[in-house]
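The values are calculated or read from the model by the stated rules, or taken from the named source; none is laboratory data. This one's a predicted model, so the numbers in the text were calculated from it and none came from an experiment. Here the Cβ positions follow ideal geometry from the backbone for every residue, glycine too, while neighbour counts run over all protein chains shown.
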Amino acid sequence: MFASGIISIEYSGVSTTDVPRLTDVIDSTLKTSSKIHNIQYNAHVGGIDVEGEWDDIMNVLAKCRDAVRLAGAQRVGVRFNLHTRTDKRVTLRDEMNEVEAEYTRLIWIGE
């Protein structure tokens, strides 16, 4: 089942100086795993946008969680908000285009 949404990988039990290193661990794991599991992703300050098959996304999330734990985090949390549809396939780009069109409409009519 195709899914898209946003995930956030949170961790604690490490010093603030370890945060960049753990961010690199997540990025490296995403790069490798996304190719294996054929998911698309975009990391940004608010989290990580993902799209792909549900099971593939879950596998990549598990790999990121495990990599952060192996890198020294004592506590790891994964928060995600994924959407699935049975009537049509909607990508993150489709959703972003819809939001941009609505913003343009609101600006145009002055709301």
Quiz item: When only residues in the range 1-38 that are of a type in the set (Asp, Glu) and surrounded by 12 or more Cβ atoms within 10 Å (Cβ to Cβ) count, which is nearest to Ile57 (Cα to Cα)?
Solution: Asp27
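If the requirement is being within 18 Å of the chain's Cα centre (by Cα) and not hydroxyl-bearing (Ser, Thr, Tyr), which of these qualifies: Leu106, Leu22? If you could, list the steps in order and put the result at the bottom.
Details: Leu106 fails: within 18 Å of the chain's Cα centre (by Cα).
Just a single option satisfies the conditions, and that option is Leu22.
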Quiz item: Consider Asp55 against the criteria (1) at pLDDT 90 or above; (2) surrounded by 12 or more Cβ atoms within 10 Å (Cβ to Cβ); (3) more than 12 Å from Ile9 (Cα to Cα): it satisfies all of them except one. Which criterion is unmet?
Solution: (2)
Self-check item: Residue list for the range 71-111, restricted to those being of a type outside the set (Val, Ile, Thr), without any contact (Cβ under 8 Å) to a residue 24 or more places away in the chain and not in a loop (DSSP other than H, G, I, E, B)
Solution: Arg93, Asp94, Met96, Asn97, Glu98, Glu100, Ala101, Glu102, Tyr103, Arg105, Leu106, Trp108
Exercise. Please name all residue pairs, on different chains or six or more residues apart, with Cβ atoms under 6 Å, provided the first residue is in the range 2-29 and is on the phi > 0 side of the Ramachandran plot and the second residue is assigned to a strand (DSSP E or B).
Key: Gly5/Asn81; Gly5/Leu82; Gly5/His83; Gly13/Arg75
Quiz prompt | Filter result for the condition that a residue is modelled with pLDDT of 85 or more, among the hydrophobic types (A, V, I, L, M, F, W, C) and in a strand (DSSP E or B), over Ile6, Ile36, Ile48 | solution = Ile48
